[in-house]
Structure formats: structure tokens, C-alpha cells
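To start, the structure under review is shown below, and the notes come after it.
Here, each number is a calculation from the coordinates, and none is a lab measurement. Not measured: the values here are computed from a predicted model. Positions of Cβ are backbone-derived with ideal geometry, glycine not excepted, and every protein chain shown enters the neighbour counts.
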Amino acid sequence: MNKYLLILLFVLANNINVFSQKDYTQLFYEAFINSDMITWKNLIDEMQLNQQFRTNYSELDKELLIAQYGYIAYCIGTDNREEAEKYIQIAKNNFQKIIVDNEHADFYAIISTIYGFEMYLSQFKAVYLLYKIFEYQNKALQNENSIFVMVERANLLFFTPNLLGGNQTEAIILYEKAASTYKEDSLYVNSWYYLNLLRHLAQIYEKNEDYDKAQNLYKYIIEREPNFKWVNNELYPAFLKKINH
């Protein structure tokens, strides 16, 4: 074997070993609370490179898909359509690889929302995409007690117009159930997904003028994570200004 090829294989093997030893859950959590989406993007690109050299399913694949979901939502929120479309396609390709080895409800829940992001950006494909969204949502419901299934089902109900089956009241009940399940099962430690769920729920309470619930939840978020910049520096001060005006 060519010695240069041997060197390349050695370098790749060592890189994969380094990747597998990283605590990506913690790294994504730190990026999230610091609103550091540059680091977030670098992490998912690094994980994507690592995935190309794996032949079997790994928990890193789940971490990557969820992180790509979060990055796509961020891109849409900042009107970066081209970047969102790029990572939607990457995430869909990852899902197709994952599902061969692991038909887990969580993956169906996450991919259904990624298809929802695509429908938001490509409304001319709405009929096809809506079919895929409901197909994957129905598969996700094989495990209704999964936190990801509850949250993504709630997202579908919350953001879908009532005429198409949306129901914000039912969505809030599911969000609250998911938040309670996270807390009771002690799964919320260093989970950006959990913090984001609480943030979203607090903003819903605020929008619905349920100010007591909103304030209590904002305070709980800050108590749980005092360094959460988005809530500490933006959302909670703006909320206090509103109710004290």
C-alpha cells in the first residue's frame, strides 16, 4: 500500500477517534446559551465529516440530526434562506442513512419538522411536503411518550393553521407535558432542546397575556441557566418592560 495512503488513513482514524471522544451535547449546549451559532455550525460540519467514515449507526447521528434541525430553524429565523435550504437537504440525506439501521420515533419526529421547514421555504411543494410531514408524524406516534415526539407534534399543531388541523390549545398542553417529562426524568441537564422548549413556552404564555405563567417560567429558566444570554439579555428584560409599562 502506498505510504501516503497509509498516512492519510492513520490521520483519518485518529480524527474519528477524537470526534467520538468529544462531548457534543455539552458543546452544543454551551453554544446555545451563548448564542454562538458560528461554533454551532462548525460543530455540525465537523460531525457531518465524521459521519462519512462511519458504517454503522451511532448516537452521534442522532445528536447531529437534532443539531442540524436547530441550525435550520436559526437560519430561517434570520432570513438566511440559502443556508437553510442547504442544511435541510443534508439533514434529509442523514435521516435516510440513519433510518436504515434505527427506525426510532424520535427520528421521525425531528424529520417531520425539517420537512415543515422546507414547506415554509417552498410553498409550491406544499401538497407533497404536507403528505411527508403527516407520514412521518404518524410513524413518530408509535411512541407518544417520547419527549421529541411530544414537542414536534406540538410544533405541528401550534404552527399549522386551524383550517389545516392546527390547534394551539392542544399544542400548549403537549409542550407542558414534554417540559414536565424532561424535568421529572432528569433528562434536562445540559440539554439545549429542553431550554429552547421552555423559552418557546414562556413566549407563548407572554403572547397569550398569561403574564404570571410567563414570568414564573422566565425566572425558572434563569435559575436553571443564569448564563442563557437570549433570555437574560433580551427576552426577560423586554418582558419586564412590557408588564411594568
TODO: In debye, nearest 20, what is the charge dipole magnitude of the chain about its Cα centre with +1 on Lys and Arg Cβ and -1 on Asp and Glu Cβ, if you could check?
DONE: 320
Task: Which label in (1) -0.74, -1.29, -1.44; (2) -0.72, -1.14, -1.24; (3) -0.63, -1.16, -1.32 gives the computed log10 I(q)/I(0) by the Debye sum over Cα atoms at q = 0.12, 0.16, 0.17 Å⁻¹ - done: (1)
- [ ] Have a look at Ser58, Ala105, Gln203 and report the one farthest towards the positive end of the charge dipole of the chain, computed about the Cα centre with Cβ charges (Lys/Arg +1, Asp/Glu -1).
- [x] Ser58
Open item on the list: Starting from the 7 Å offset along Cα-to-Cβ, what nm value, one decimal, do you get for the label separation of Gln142 and Met37?
Closed with: 3.4
TODO: Specify the residue with the greatest mean-square fluctuation among Asn143, Asn162, Asn190, computed from a Gaussian network of the chain linking alpha-carbon atoms under 10 Å apart.
DONE: Asn162
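I need the GluC sites (Glu not before Pro) found in region 63-172, filtered to DSSP loop residues with at most 16 other beta carbons within 10 Å of theirs. Can you show the working numbers first?
Values: sites: Glu63, Glu82, Glu83, Glu85, Glu103, Glu118, Glu135, Glu144, Glu152, Glu170; in loops: Glu103, Glu144.
Sites meeting the loop and neighbour criteria: Glu103, Glu144.
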